[in-house]
Amino acid sequence: MKKLLFLVFILIFSSLFAFKVIMVTDVGGLGDGSFMDGTWSGIVRACQEYGIEYEVIQSKEQSDYISNLSKAAESADVVFAVGFLMSDAFYKVAEQYPETYFVGIDFHQEKDLPNVMTFTFKEQEGSFLTGYLAAGMTKTGKVAIIGGIPIPPVKRYEIGFRTGVKVYNSIHNTNVEVKVVYANSFTDPKKGKELTQALISEGVDIIQQACGGTALGIIEAIKEENLKNVTSKEFKELIDYMYLNGGYYMLGGDVEQEWQAPGHILASAIKRVDNASYMGVVKAFTGDWHPGNIELGLKEDGEGISRMPFTKGLVPNELIYELEYLISLVKRGEFKIPETEDELNALRVKIQF
């Protein structure tokens, strides 16, 4: 009987002091295979590791942001807002719930709130690497980037990608062309497919995605184009064809997307949103909370290029070496990758191998 009462006491005690994390998505929602899914994976990893309760609330419209964040704040110890478009709503709600921790992913405002921690990224550093890779791998001399909405994080993706191509052209005396298009949506795979088909018709053979769930349409179009030339869907035959003849590739964004379409995705510009969300959960739970913004780039292992698990054998060793050298220059502070149009225009490449 005493043992039973003790167990009941423990259960009541645990329920009274349970720690809970809720992530509120922007309209992109889960299932994008990149930004949202990557952030959620970091939260799940931290919560499972520490035995924390976790939940997600998905926003269908931008008008849902304040109500969803408020609902989360009323029942959670930590509320995550994910996506630049949530920034204004995030700070309004955070001010109303000073006893709740708030973590913002991909945005930062100059407001000193003791219950707010945000994470931003040097997106230009990851996409610089895939831009350089694209310039070195294109067979047609034309590459492209498809953005979602031209908000600051996506514009940094664009600038970084274009910088990578510019640096490659300068070092190798080539003239690879970059096309830039925007879908004006992070949730429109149909538009992503249409834009990809149009770019392919213009001679583009490698496309960087910076458009969240819209990129699912890019993958579909790339696969369809490649499989026109490969009689079998066997991975080995696809890779053999790409090695001998070249083909069409997407470059992933935020997470290692190659697993979604092996052989059709050359590499991914890594943005470690999973590490940021994991860190946010742990800092709140352990009491290591420090309000303010944390910016992550190559030096902090918050940006990078994927391992290329299916396609690295297609990339010349010299190009792999050049990428590694460029990474070392950035980490040592010897080369700053532009993040604005003005900085890109002013860039004079003095790198030599």
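Every residue in the stretch 182-203 that is surrounded by fewer than 16 Cβ atoms within 10 Å (Cβ to Cβ) and within 21 Å of the chain's Cα centre (by Cα), please. Residues satisfying the conditions are Asn184, Lys190.
Here the condition is being under 20 Å from the mean Cα position of the chain (by Cα) and under 27 Å from Leu326 (Cα atoms); of Glu220, Glu158, it holds for Glu158 alone. The condition of being charged (D, E, K, R) and farther than 19 Å from Met36 by Cα holds for only one of Asp64, Asp88, Asp77, that being Asp77.
Filtering Gly192, Gly160, Gly164 for residues that are touching a helix residue (DSSP H, G or I) at 6+ places or on another chain (Cβ under 6 Å), under 24 Å from Glu61 (Cα atoms) and at pLDDT 95 or above leaves a single hit, Gly192.
Kindly check whether there is at least one residue in the stretch 109-121 that is at pLDDT 95 or above, closer than 25 Å to Leu329 by Cα and buried (at least 23 other Cβ atoms within 10 Å of the Cβ). Yes: one or more hits.
Filtering Leu227, Leu238 for residues that are over 25 Å from Glu339 (Cα atoms), surrounded by 19 or more Cβ atoms within 10 Å (Cβ to Cβ) and over 20 Å from the mean Cα position of the chain (by Cα) leaves a single hit, Leu238. Determine whether Val93 is crowded, with 22+ Cβ neighbours inside 10 Å and among the β-branched types (Val, Ile, Thr). Yes, satisfied. Tell me, please, whether a residue that is buried (at least 24 other Cβ atoms within 10 Å of the Cβ), more than 21 Å from the chain's Cα centre (by Cα) and either at pLDDT 95 or above or farther than 24 Å from Val56 by Cβ (or both) can be found in the stretch 138-153. Among the residues of the stretch 138-153, not one is buried (at least 24 other Cβ atoms within 10 Å of the Cβ), more than 21 Å from the chain's Cα centre (by Cα) and either at pLDDT 95 or above or farther than 24 Å from Val56 by Cβ (or both), which makes the answer no. Looking only at the stretch 116-161, residues that are hydrophobic (A, V, I, L, M, F, W, C), more than 16 Å from Gly212 (Cβ to Cβ) and not in a helix (DSSP H, G or I) come to 5 in all. For Leu244, are the conditions met, namely being at pLDDT below 95 and either within 18 Å of the chain's Cα centre (by Cα) or in a helix (DSSP H, G or I) (or both)? Taking the combined requirement at face value, the residue satisfies it. Considering the stretch 122-137, and only residues there that are in contact with a strand residue (DSSP E or B) (Cβ under 8 Å, 6 or more places away or on another chain) and under 22 Å from Ala276 (Cα atoms), the residue that is surrounded by the fewest Cβ atoms within 10 Å (Cβ to Cβ) turns out to be Lys122. Taking first residues from the stretch 216-237 that are of a type in the set (Gly, Ala, Ser) and partners that are open to solvent by 20 Å² or more (accessible area, probe 1.4 Å) and part of a loop (DSSP other than H, G, I, E, B), the Cβ contacts under 8 Å between residues at least 6 apart in sequence or on separate chains come to Gly217/Asp188.
I'm trying to understand the selection: among the residues of the stretch 155-172, which are within 21 Å of Lys191 (Cβ to Cβ) and buried (at least 24 other Cβ atoms within 10 Å of the Cβ)? The answer is Tyr157, Glu158, Phe161. If you check Asn226 against the conditions, is it under 30 Å from Ala94 (Cβ atoms) and either in a loop (DSSP other than H, G, I, E, B) or not basic (Lys, Arg) (or both)? Criteria not met by Asn226. Going by the conditions given, is Gly253 touching a Phe, Trp or Tyr at 6+ places or on another chain (Cβ under 8 Å), open to solvent by less than 20 Å² (accessible area, probe 1.4 Å) and in a helix (DSSP H, G or I)? Against the criterion (touching a Phe, Trp or Tyr at 6+ places or on another chain (Cβ under 8 Å), open to solvent by less than 20 Å² (accessible area, probe 1.4 Å) and in a helix (DSSP H, G or I)), Gly253 does not qualify. Tell me yes or no: at least one residue of the stretch 81-90 is surrounded by fewer than 21 Cβ atoms within 10 Å (Cβ to Cβ), of a type in the set (Asp, Glu) and farther than 22 Å from Thr187 by Cβ. No: zero hits.
Please work out if Ile206 is modelled with pLDDT of 95 or more, over 19 Å from the mean Cα position of the chain (by Cα) and crowded, with 19+ Cβ neighbours inside 10 Å. So Ile206 does not fit the description; no.
The values are calculated or read from the model by the stated rules, or taken from the named source; none is laboratory data. Note that the structure is predicted; figures quoted are calculated from it, not measured. We place every Cβ from the backbone using ideal geometry, glycine too, and count neighbours over all the protein chains shown. Accessible surface areas use protein heavy atoms only, side chains included; no ligands, DNA or RNA. Shrake-Rupley method; radii C 1.70, N 1.55, O 1.52, S 1.80 Å.
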